[in-house]
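Accompanying notes for the structure given below.
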Amino acid sequence: MAVRHRLIRVSPSTVWAVLADGHRYAEWVVGTARSEPVRGQWPRTDAAIRFEVSLGPVRLVNETVVRRCEEGVALELEAHAGVLGTARIAIELRPWGEECLVIVDEHPLQGAGGRLHNAGFEALIQLRHRTMLARLARLCEGDAKAIQPAPRKAAMAAGTEGAGHA
């Protein structure tokens, strides 16, 4: 079972906003070229998104289904990968001060992935998770910066900030 964590320097609600957007799945999931919700209301239980994986000229279309959703706290997915089978991906968000500790736990469920699972396969999943969590952090931290108010340095430098100035 591949378990990896990362401290993301935003609130859990900011991380959840990215996870809850089925259109953004391809922005943080490694190997995914694009994604779109296809059933239900993502990320509610039984909702699904279709995603595309590009391997050179070959494009594979697969689906990920929400198996458990605890809004703002946990998201458990079943990713279908064609002949490779399915995998369970659990994402947990824990408040860590004003930041968010994200824990990802993935393991194969069915198909070739489950039969071929070994230490080498586990190492590949760990590398994938490291990259995936780095992408998720960049997205979340970038989103947080984009919504922060612009600094008012010019007004302060001109001495117009505050009361009592004549």
Within the stretch 68-86, work out how many residues are under 16 Å from the mean Cα position of the chain (by Cα) and part of a strand (DSSP E or B).
9
Residue count, the stretch 32-46, condition over 22 Å from residue 104 (Cβ atoms) and either small (Gly, Ala, Ser) or part of a strand (DSSP E or B) (or both), comes to 4
May I ask you to verify whether residue 161 is at pLDDT 90 or above, of a type outside the set (Phe, Trp, Tyr), open to solvent by 30 Å² or more (accessible area, probe 1.4 Å) and farther than 19 Å from residue 30 by Cα?
no
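Of everything in the stretch 47-60 that's outside any loop (DSSP other than H, G, I, E, B) and open to solvent by less than 80 Å² (accessible area, probe 1.4 Å), which residue is farthest from residue 108 (Cα to Cα)?
Applying the first criterion (outside any loop (DSSP other than H, G, I, E, B)) to the stretch 47-60 yields 48-55, 58-60.
In the following step, the residues that additionally are open to solvent by less than 80 Å² (accessible area, probe 1.4 Å) were identified as 48-49, 51-54, 58, 60.
Details: 48: 18, 49: 19, 51: 18, 52: 19, 53: 18, 54: 21, 58: 23, 60: 19 Å.
Residue satisfying both the conditions and the ranking: 58.
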Looking only at the stretch 3-37, which residues are surrounded by 15 or more Cβ atoms within 10 Å (Cβ to Cβ) and either without any contact (Cβ under 8 Å) to a residue 60 or more places away in the chain or farther than 22 Å from residue 138 by Cα (or both)?
20, 21, 22, 25, 26, 32, 34, 35, 37
Can you tell me which residue among 27, 63 is closer than 21 Å to residue 129 by Cβ, out of contact with any strand residue (DSSP E or B) (no Cβ under 6 Å at 6 or more places or on another chain) and not in a loop (DSSP other than H, G, I, E, B)?
27
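The values are calculated or read from the model by the stated rules, or taken from the named source; none is laboratory data. From a predicted model like this one, the values you see are computed outputs, not experimental measurements. FYI the Cβ positions are ideal-geometry reconstructions off the backbone, even for glycines, and counts take in every protein chain you see. Note: accessible area is taken over every heavy atom of the protein model, side chains too, but ligands, DNA and RNA are not part of it. Shrake-Rupley method; radii C 1.70, N 1.55, O 1.52, S 1.80 Å.
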